Amino acid sequence: MTELKQLKLTNNDELMCEIVEWNNDETDDIIIRRALKVVAIEDIEEGMRYYTFKPWMSFEQDPNALHAVNSYHIVASSNPGKQAVSYYYDIIQEMSEYDNEESITKYKFADSDESNVIQFDPNKSIH
């Protein structure tokens, strides 16, 4: 049974994720999935702060991918509020329905073998 938690990390990241397995005597790692980073957006003109989610790991679009987080990097954990939970599951659902054939991870490398620049298809929408 997984449980949904909000984690504050030592690098100041805040995650909302499902805990698959807590750390124990054998390992300091906590296994998580469906990890989304909480992102604050300031609207100075309105004097408001908005929150949204984005994938915690870049280019990770599979919400069921497992991640190991060292428990020593967690400053605090809590149970998220009802509104945050509802929005979180909406985002997870969108990610699950996303067509992997059209994903951002479909890229082609530059023609030069010496280049490490990734060229994305300009006709594809990146969110």
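Readers should treat all values here as calculations from the given coordinates under stated rules, not as data from a laboratory. All of these numbers come straight from a predicted model, not from anything done at the bench. A quick note on method: Cβ atoms are made from the backbone with ideal geometry, for glycine too, and the neighbour counts reach across all protein chains shown.
Counting other Cβ atoms within 10 Å of each Cβ, which GluC sites (Glu not before Pro) in segment 30-62 have at most 11 and sit in a DSSP loop?
Loop-located and lightly packed - 45, 46.
Work out from phi, with θ = phi - 60° and the Karplus expression 6.51 cos²θ - 1.76 cosθ + 1.60, the ³J(HN,Hα) of each residue of segment 22-36, listed in order in whole Hz, and give x for Gly and Pro.
7, 5, 8, 5, 8, 8, 8, 7, 10, 8, 10, 8, 6, 7, 10
In segment 15-70, what chymotrypsin sites (Phe, Trp or Tyr not before Pro) fall in a loop by DSSP, with at most 15 other Cβ atoms inside 10 Å?
Answer in residue order: 22, 59.
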